Structure formats: C-alpha cells, structure tokens
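So the structure is just underneath, and the comments pick up after that.
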Amino acid sequence: MSGVPAARTLGAPLVFGLAFLGLWQLLVVALAIDPFIVPAPSAIAGQLLDHLDTVTAGALRTGANALVGLVVGAVIGVVGALLANAVPVLDSLAAPVVAALSVMPIVALAPVLYTMYGADVDTARQLVAALAVLIPIYVNTLRGLRQVRPVHRDLMRAYAATPRQQQLAVTLPTAAPYVFTGLRVASSLAVISALVAEYFGGPVGGLGKSITSAAASSNYPLAWAYVVGSILLGLAFYVVALALESGLTRHRRP
Amino acid sequence: MSSPAVHVAGLERVFPARRGPGVTALAGVDLDVAPGEFVSLIGPSGCGKSTLLRLIADLDTPTAGTLEVFGKTARQARRDQDYGIAFQQAGLLPWLTVTGNIELPLTLHKIGRRERQTKVAELLELIGLTDFAGSYPDQLSGGMQQRVAIARALAESPRLLLMDEPFGALDEMTRERMQNELVRICAETRAAVVFVTHSIPEAVFLSDRVVVMSPRPGRIVDVVDVALRPGERDEALREDATFFAGVARVREALHGTSVPSARGVEHR
C-alpha cells in the first residue's frame, strides 16, 4: 500500500528492464547487427503489433494444450500421491518409475507420441505437458501428505476420529500448500513442454510451430515476436498459479 | 460415582529395542485420581510422566497392568470422549480460525451448528478471547494459542482433563497468569485433571496431590499431599508459607534426601 516499497518492488525491475531494452536497441543500431544474429527490440515490437492476432491465436492454442496437460497431469499426480500415501506398497512400486520419469527429457517422447496419436491432433502435445507436470506434482503432494505433525495425529486419535475424518480435517489441509507449490513449478513446465513439443511435428498452429516457421522463412523479428508471446504465456500461467498458492494457503504456516 | 476418574495398578510400559531387553519407561505404577481432583506428575526427563499421560489417553498401550478411566478401559473412554487433552505445543490447525479450532472436536462428533455456536461463545468467554474469534493461530501469541488449545480440550465438557506440559513453552509471567486461569477454569468445570510438568512451583500451586516420579525405570517415588483448601489458590498463595512448605516437600521427594528448603541444593 505505501508508496516507497511498492516503488521499489515494481519500479526497480521496470527501470532495469527499460534500461536493458534501451541498451539493446542502441547496440543493434550502433553496431549495425544483422537481424538473424539479434533483431532490435523496436523491430520485434513492430512485428508483435503487426501480427498480434496470430500471436494471440498461437498463444491460445499452446495455452490450451498446456492447460489440458496441466489439469490432467495434476489430477493424476494428486490421485497417485494419495494412493501411494495410503498403500505403501504402491509407493515402493512407483519409486523407480518416478525416478526414471524425473530424469527423462519428456519432450523427447514427442516424436513417438505423434506417430502414436497422429500428427493432425494436439493429443501428443497435451500428453507431453501432462507427463512433464506429473512428477513435480506427485512428488510435492506425497511429501505434503507426510507432513502431518505428530501433535495433530495424537489429537485426531484422542478425538477418536475416523480415518476419513482425519484425512479431511488434517492430512489434506496439511498437504495443500505442497500441492500448490508443485502446481506453481508445474505451470511453467506445462507451457514449456507443450511449446517445445510443437517443434517435433503435429498440426500447424501454436507458438512453437510459429517460431520454427518464422525462423525457417528468415523472418527473425517475427520469430522473436512469437518468443515474446511465449514468455507472456508462461508468465500468465505462473502468475495465476502463484496467486492461487498465496491466496489459498495464507495461514498455513504455524 | 464410585469409580475413580483414573485407576492405575501395576502399570508397566516397555519400549522394545531392536537388541537387548528394551527400555522400561514405566514399572509398577499405582495411582488413583478421584473425580474433580487435580493431580500433577512431576519428575526429571525420562521418568515416564508423559508416557503415563499418553497411556491414560490411550495414545499408547501399556505392556502390563490395569488402567481404567471412569471404570472403563482407556480405549473405551477415548471412544466415549471422556477426556479432553492439551499438549505442550498448542497444536492448533493453522488453516482454521480460533472458532474453527475450538469447535473442531464438536464438528468431528457431528454436534449441531446451533449447539456449537453456543458452546464456542461460552468457551471464548471463559478464556477471554471473545474478540479473537475470527483470528487465525498465526495472528495470536503463544499464550493465546495455548488458551485456545485449552478451550478446545474443554469443548466437550470432559470430566477429565489431561495436560502434557501445556505451559512449558511459555514465559514465566504468561505462565503464572495461565496457571491462575487454569485454577479458575477447574473450579468452574469441576473436571479432574492429570497435569504433567517439570516445574515444582507450578505443580504445588495447581495440585491437590503431586506425584513425584524418577527415571530408569520410570516409577512413582512419592505422592505429596499439598492439601490446600479450595479457594486458597490465588496470587497471595505464591508468597505463602504453606506454598513454600509444599515446594520444599516436593523438592525433597524429587532429590530423595532431606534438604533444607531455603538452600535448594542440587544432589546429582
């Protein structure tokens, strides 16, 4: 609310960003750098404004894929963690799979998935996004489910609470902040994965495809304009996830 | 009416060790707590006072011996919600308001909304936190959190209150104020109390009887009858000769030798 901290938190990065862009513009113009090396910010901005409709359409397409992947991956991750927490055998069975998935570059699956589901649908891209978010959400949720404090467990036993009551009253609320942290990490991953998956094929449309086709036709400022669109899309996902996290878990830390 | 609040005879708890005979946390413990009586368990760390409390609460199971709460098994008493419990950590649920925390046991046991509201209002009045009904635990001081935890323990008007060092984490001044409040609350609710502490003055100030325990194996070495008349426990008592005499007797029992009360020599 007060002016000075707000000016610091918002003003400082803004000033830095503008100075950075200014310096970039200056260097490109002064040294006459070719656009295929790096185009001037003004050229990128011009292309962004000229192609605002295609950038928006691409962002919506990629964003929709990322969102579908995020929701599917999050649901599977949370449900999987609940099962693994309830049945320890499942946890030990899943551990090697989780370890393997977490070191695997998920987008490397994209070409395989395109041949499986056909290159004319977005299914492969959504699956890549879902697989990418699955692990961070699963791991965070499982950890959260195990954070129940002994005093709360004793309390629930003292109240003769049923397992279901304990789950609803203590275990799930305790895990909630961890789930949201996982969701925040996963939100950016979903966008990145859905976008990079477009590089490997699939139907036209989406920011990733647009970046490759603009670069292939040597329109570098336009390619960069799509990159700016991707950054904004990723930021939008992250900010929404962050807002959800801080809004819903305000009083969680004792 | 005839059955005591707590009846313990020949109680033993051995924690099995991977190798060797295991750790005997409690051995041969006999204790009876009458309805409405305030009994403190005191002793050094490892004397099994918390273990005894957890056994009474059925949070743990004895290895041998008899344990009855209001003439029933501890398990049945827990199922019937015959006791309220408070721990050293307030253990409030951080995502619930003060009201939500106090009514938690009532909600779990499906008490109607109207009845819950009446009870919570009454308890908030009792602990003097009516203005904080809508606050979250992270907005309260440690002492206030502990008061909420005590209100929660009292929510179902239990005839027995089990308290495991509830004031252990509080500063001395807050602690004395909380003790005064507990005396008042006990007078109003007429609940029997089993109170674990390692503060001698606290035990003497609050209790009808102080049970002195010693470690390895945990056992009762003495029971000191403080024998203060009801209504005597007020601020003046803290500076009274009867109080100091009680403190001296508990200290002697703790150290196992007769020590001049004024010196307080440590024998180790």
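Each value in this text was obtained by applying a stated rule to the coordinates, not by laboratory testing. Note that the structure is a prediction, hence the values are computed from the model and not measured. Cβ coordinates were reconstructed from backbone atoms using ideal geometry, including for glycine residues, and neighbour counts include every protein chain displayed.
Miscellaneous remarks
- Looking at the protein assembly as shown, the DSSP beta bridges with both ends there are about 55 percent antiparallel.
- The modelled label-to-label distance for the pair A:LEU244/B:ASP225, using points 7 Å beyond Cα in the direction of Cβ, is 6.7 nm.
- Rg to Rh, two decimals, where segment A:1-149 supplies the alpha carbon set and Rh follows Kirkwood: 1.14
- Furthest towards positive pole of dipole, A:HIS51, A:VAL179, A:VAL112, structure part the protein assembly as shown, Cβ charges: A:VAL112
- Cα long-axis angle, helix A:52-86 against chain A (0 to 90 degrees, to the nearest 10): 20 degrees
- Peptide-level mean, for A:162-174, of C-beta atoms on other protein chains within 10 Å: 2
- Selection of chymotrypsin sites (Phe, Trp or Tyr not before Pro), segment A:1-96, meeting DSSP coil and at most 16 other Cβ within 10 Å: A:PHE36
- Share of alpha-carbon pairs per 10 Å distance bin for chain B, given as whole %: 7, 29, 34, 23, 7, 1
- In degrees, nearest ten, helix B:113-127 long axis to first principal axis of chain B (Cα): 50 degrees
- Peptide B:91-102 has a mean shielding of 4, counted as Cβ atoms of other protein chains within 10 Å of each residue's Cβ.
- Relative contact order computed over segment A:50-248 (Cα-Cα under 8 Å; 6+ residues apart), in percent: 31 percent
- Inter-label distance for A:VAL112 and A:VAL185, nm, one decimal - labels placed 7 Å from Cα along Cα-to-Cβ: 2.3 nm
- Converting phi to 3J(HN,Hα) with the Karplus coefficients 6.51, -1.76 and 1.60 and the offset θ = phi - 60°, segment A:106-122 yields 4, 4, 4, 6, 3, x, 5, 5, 4, 5, 6, 9, x, 8, 9, 10, 8 Hz in sequence order, with x at every glycine or proline.
- Averaged over the residues of peptide A:35-46, the number of Cβ atoms from other protein chains lying within 10 Å of each residue's Cβ is 0.
- In range of the label at A:LEU93: residues from segment A:123-143 whose backbone nitrogen is under 19 Å from the point 7 Å along Cα→Cβ: A:135, A:138-139, A:142
- Three-way shape label, segment A:50-248, alpha-carbon gyration tensor, a/c 1.5: prolate
- Ellipsoid equivalent to segment B:92-156 - semi-axes via the Cα gyration tensor, in Å: 18, 12, 10
- Distance in nm between pseudo-label sites at A:ASP50 and A:ASP34 (7 Å out along the Cβ direction from Cα): 2.0 nm
- Mean separation of Cα contacts under 8 Å (6+ apart) over length of segment B:92-156, as relative contact order %: 55 percent
- Whole-angstrom gap from segment A:173-239 to segment B:68-98, using each part's C-alpha centre: 51 Å
- Kirkwood Rh, Cα atoms: Rg over Rh of the protein assembly as shown: 1.16
- Three-way shape call for segment B:92-231 based on the alpha-carbon gyration tensor, with the a/c threshold at 1.5: prolate
- Applying the Karplus relation 6.51 cos²θ - 1.76 cosθ + 1.60 with θ = phi - 60° to segment B:165-175 yields 3J(HN,Hα) values of 6, x, 9, x, 9, 9, 6, 4, 6, 4, 4 Hz, where x marks Gly and Pro.
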